[in-house]
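I have placed the structure first, in the form of structure tokens, so that the comments after it can refer back to it.
The values are calculated or read from the model by the stated rules, or taken from the named source; none is laboratory data. On a predicted model such as this, the values are computed, not experimentally measured, just so you know. Every residue, glycine as well, gets a Cβ built from its backbone with ideal geometry; the counts of neighbours run over all protein chains shown. Side chains are part of the model used for accessible areas, which takes the heavy atoms of the whole protein and leaves out ligands, DNA and RNA. Shrake-Rupley method; radii C 1.70, N 1.55, O 1.52, S 1.80 Å.
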Amino acid sequence: MPFANYKIPQGTLTAEQKEEIIHRTTSLLADYFGDGARPHTMVLIDEVTDGGWGRADETVTLAKMAARAADRPTS
């Protein structure tokens with residue numbers, strides 16, 4: 001059974017966006033494993049509480065992500 005697990009910051013995606021991720025991921029895995037895998041494909045979207053994860057020894061928060069995005073030059 002194909003399985004995909006996404007971890008995202010809590011409250012950053014709408015129900016519609018989650019549904020789209022589930023549909024697109026299922027289609028992607030069915031492309032690789034064949035349509036017979038479609039009914040057995042599981043997609044899990046975990047919402048992680050703000051500050052509940054980290055990278056490179058630093059806690060990640062939405063505020064830090066927004067500050068970094070604001071510091072990036074625009075094209």
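Return only the number of the condition from (1) touching a strand residue (DSSP E or B) at 6+ places or on another chain (Cβ under 8 Å); (2) surrounded by 12 or more Cβ atoms within 10 Å (Cβ to Cβ) that residue 37 does not satisfy.
Condition not satisfied by residue 37: (1).
Just to be sure I understand, how many residues within the stretch 5-23 are assigned to a strand (DSSP E or B) and either within 24 Å of residue 37 (Cβ to Cβ) or β-branched (Val, Ile, Thr) (or both)?
Counting residues in the stretch 5-23 that are assigned to a strand (DSSP E or B) and either within 24 Å of residue 37 (Cβ to Cβ) or β-branched (Val, Ile, Thr) (or both) gives 4.
Taking interchain pairs and intrachain pairs at least six residues apart, which have beta carbon atoms under 6 angstrom, with the first residue in the stretch 1-26 and under 9 Å from residue 45 (Cβ atoms) and modelled with pLDDT of 95 or more and the second outside any loop (DSSP other than H, G, I, E, B) and open to solvent by 60 Å² or more (accessible area, probe 1.4 Å)?
What qualifies is 5/44.
Could you please tell me which pairs satisfy a Cβ distance under 9 Å, a separation of 6+ or placement on different chains, a first residue in the stretch 45-68 that is open to solvent by less than 50 Å² (accessible area, probe 1.4 Å), and a second residue that is assigned to a loop (DSSP other than H, G, I, E, B) and among the hydrophobic types (A, V, I, L, M, F, W, C)?
So the pair list comes out as 45/13.
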